[in-house]
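Q: Structure incoming, see below.
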Amino acid sequence: MRHAPADLVFTGGPVLTLDAARSRATTVAVTGDRITAVGHDEVRELIGPATEVVDLAGKLLIPGFQDAHVHPVSAGIELARCDLTGLRTATDTVAAVRAYADAHPEQEWITGGGWSMEAFEGGSPTRELLDRVLPDRPVYLPNRDHHGAWVNSRALELAGITRDTPDPADGRIERDTGGEPNGLLQEGAMDLVGRLTPRSTPAERLAALLRAQAHLHAYGITAWQDAIIGGFGSMDDPADAYVAAARDGSLTARVVGALWWDRERGAEQIPELVERRRELSGGRFRAGAVKIMLDGVAETGTAALLGPYLDSCGCATANTGTSFVDPAELRSYVTELDALGFQAHFHALGDRAVREALDAVQAAREKNGWTDTRPHLAHLQIVHPDDIDRFRALGATANIQPLWASHEPQMDELTIPFLGAERAGWQYPFAALLRSGATVAAGSDWPVSSPDPMQGIHTAVNRIAPGEKGPVFLPEQRIGLTAAFAAYTSGTAYVNHLDDTGSIRAGALADLAVLDRDPYAGPAQEIGETRVLATYVGGRRVHDATS
């Protein structure tokens, strides 16, 4: 091997290439922003006087992780506000709200979020809990999954929400036994208060993006798909932050933006989406997808199911969840978007939503033929067995969030009892999808859950969350370590149309991460302890845990 010296050489392996052969290597050379050689001792011939040499010393080099469904700007904003992530009890959550309010007396509204339903009896906090510590300042706090918001009486008053206020078509105002609003707003009802909260400024959104980008790089993430670009209820549109960062070079990640489909409108918005795609795409940001939210979440009874939810006694109710987009119209919309080259990115959590999304992809295939739009369905909590093989048959990627596939109070107390045994066994069918031949990508939905891919990989392999001891959640759906790595690398690279990333091979972009160990060399129960030491995008180091 006689070529010009490389700029950067990793040696002392192991190297997980995730190429088509799943080959292993020990040495990788990088010149400019691309990988120029992958192999063993022969690649060391490319080391010259100016070559930077990274001795892996037995640590694992992998392709950079990618996140197929994430909300970095809103996560970055939450990190700077009242962040309730990880708190396990109502007492701790309320105390954190009080502490934040005391530390920020200048703020008219207390906003932030990330509280866990499991911290409150029945998953439902009430306005009275907030009223005790903040009777005079309005509070608006979305929960961890951002499908519900907790507010106090002052916020309800400012929004004019009373016992006589009707539920919006796409949401629900939770009420106490006397019919009064209890302080919990579900889905579209969130915006009744959320629209009154202060908007972030462009400078705050850019700062949030860069804060989140550093956070993601620290987990080895080099690219992602932002699952909402546009206005959704009270959420701020992160588009201007991406455009600004792409223009000034501070966007070091590679990002695909999924433009928000306004479920209050129809096909008349498609020309606007075409124009937004043109206006927003540039540099390392490309707005080539459209996000269509089809349903809610199982814990609140808003995920769309083929059969009814059960009540606390195990009897069938009249509720089958909510389809936010009419299925017949959805097929028409997706067919038109597909013809225009848009990728459809579905939020599909319940088995009815999954089927409606697959039906829409099928309609597009039948009308347009097979195009390279690479549609994907995110979340997939409940998938009817009859629909498993349709992912492969239709070329629809399964976009999984592995951290959710474990026993936790939100699953055991707020979900399984209301699904029943059979449907509960259809949850997060990772192994079944892989066996069917489906393409599988992975994401975090951060700030809903941790963006750390190693935690997701741990859960996908063990079906137990890191740090927990069991029981195993549907053990037959466990997948192998290599398959889990592939979902977070080559699988998501496919979804993102980043075909020159996702594996370590000559000619690919040098988007790489160095782990602090080789997870293959230890027990599966320790996978989640793995940390990222360094992250590279295009051969440039964007994170260094040792500095």
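The values are calculated or read from the model by the stated rules, or taken from the named source; none is laboratory data. Just so it is clear, the structure is predicted and the values come from calculations on it, not from any experiment. A quick note on method: Cβ atoms are made from the backbone with ideal geometry, for glycine too, and the neighbour counts reach across all protein chains shown.
Q: Return the total of residues in the range 214-255 being in a strand (DSSP E or B) and of a type outside the set (Phe, Trp, Tyr).
A: The qualifying residues number 11.
Q: Follow-up. Has the range 230-237 got at least one residue that is aliphatic (A, V, I, L, M), closer than 30 Å to Leu156 by Cα, touching a residue at least 40 places away in the same chain (Cβ under 8 Å) and surrounded by fewer than 24 Cβ atoms within 10 Å (Cβ to Cβ)?
A: Checked against the condition, which is being aliphatic (A, V, I, L, M), closer than 30 Å to Leu156 by Cα, touching a residue at least 40 places away in the same chain (Cβ under 8 Å) and surrounded by fewer than 24 Cβ atoms within 10 Å (Cβ to Cβ), the range 230-237 yields at least one hit.
Q: Residues of the range 390-446 being of a type in the set (Gly, Ala, Ser), over 30 Å from Glu121 (Cβ atoms) and assigned to a loop (DSSP other than H, G, I, E, B), which ones?
A: If the condition is that a residue be of a type in the set (Gly, Ala, Ser), over 30 Å from Glu121 (Cβ atoms) and assigned to a loop (DSSP other than H, G, I, E, B), then Gly395, Ala396, Gly437, Ala438, Gly443 are the ones that fit.
Q: Output the number of the condition that Gly122 fails; it satisfies all remaining conditions of (1) under 26 Å from Ser490 (Cα atoms); (2) in a helix (DSSP H, G or I).
A: (1)
Q: Which residue is nearest to Asp7 (Cα to Cα), if the candidates are limited to the range 38-90 and must be among the polar types (S, T, N, Q) and in contact with a helix residue (DSSP H, G or I) (Cβ under 9 Å, 6 or more places away or on another chain)?
A: It comes out as Gln66.
Q: Let me ask you something else. Within the set of pairs 6 or more residues apart or between chains, which connect a residue that is farther than 18 Å from Tyr333 by Cβ and touching a residue at least 12 places away in the same chain (Cβ under 8 Å) inside the range 244-269 to a residue that is among the basic types (Lys, Arg) and in a strand (DSSP E or B) with Cβ atoms less than 8 Å apart?
A: Filtered contacts from the range 244-269: Thr252/Arg540; Val255/Arg286; Val256/Arg286; Gly257/Arg286.
Q: If we keep just the residues of the range 486-507 that are closer than 20 Å to Val9 by Cβ and surrounded by 24 or more Cβ atoms within 10 Å (Cβ to Cβ), which is nearest to the chain's Cα centre (by Cα)?
A: Thr501
Q: Filter the range 1-24 down to residues that are assigned to a strand (DSSP E or B), out of contact with any Pro (no Cβ under 8 Å at 6 or more places or on another chain) and not aromatic (Phe, Trp, Tyr), then give me how many there are.
A: The number of residues fulfilling the criteria is 4.
Q: Kindly indicate which of Thr177, Thr165, Thr197 is in a loop (DSSP other than H, G, I, E, B), among the polar types (S, T, N, Q), more than 22 Å from the chain's Cα centre (by Cα) and under 22 Å from Gly231 (Cβ atoms).
A: Thr197
Q: Being small (Gly, Ala, Ser) and within 21 Å of the chain's Cα centre (by Cα) narrows it down to one residue among Ala328, Ala289; which is it?
A: The conditions single out Ala289.
Q: Separate question: All but one of (1) in contact with a Pro (Cβ under 6 Å, 6 or more places away or on another chain); (2) over 17 Å from Leu377 (Cα atoms) hold for Leu481, so report the exception by its number.
A: Of the numbered conditions (1) in contact with a Pro (Cβ under 6 Å, 6 or more places away or on another chain); (2) over 17 Å from Leu377 (Cα atoms), the odd one out for Leu481 is (1).
Q: Of all residues in the range 157-171, which are touching a residue at least 24 places away in the same chain (Cβ under 8 Å), touching a Leu at 6+ places or on another chain (Cβ under 9 Å) and not β-branched (Val, Ile, Thr)?
A: Hits for the range 157-171 are Leu158, Ala159, Pro168.
Q: Just to be sure before I move on: is Trp224 among the aromatic types (Phe, Trp, Tyr) and under 30 Å from Asp516 (Cα atoms) in the structure I sent?
A: Considered against the rule, which asks whether it is among the aromatic types (Phe, Trp, Tyr) and under 30 Å from Asp516 (Cα atoms), Trp224 comes out as yes.
Q: Considering (1) under 23 Å from Gly76 (Cα atoms); (2) assigned to a loop (DSSP other than H, G, I, E, B), say which one Arg137 fails and leave the rest.
A: (1)
Q: Working carefully through the options Ala460, Ala493, find the one that is in a helix (DSSP H, G or I), within 27 Å of Ser74 (Cα to Cα), modelled with pLDDT of 95 or more and in contact with a helix residue (DSSP H, G or I) (Cβ under 8 Å, 6 or more places away or on another chain).
A: Ala460
Q: Is it the case that Trp260 is within 27 Å of Val151 (Cβ to Cβ), surrounded by 18 or more Cβ atoms within 10 Å (Cβ to Cβ) and aromatic (Phe, Trp, Tyr)?
A: Taking the combined requirement at face value, the residue satisfies it.
Q: Continuing with this model, one more query. Could you check, for the range 256-264, whether at least one of its residues is in a helix (DSSP H, G or I) and in contact with a helix residue (DSSP H, G or I) (Cβ under 7 Å, 6 or more places away or on another chain)?
A: no
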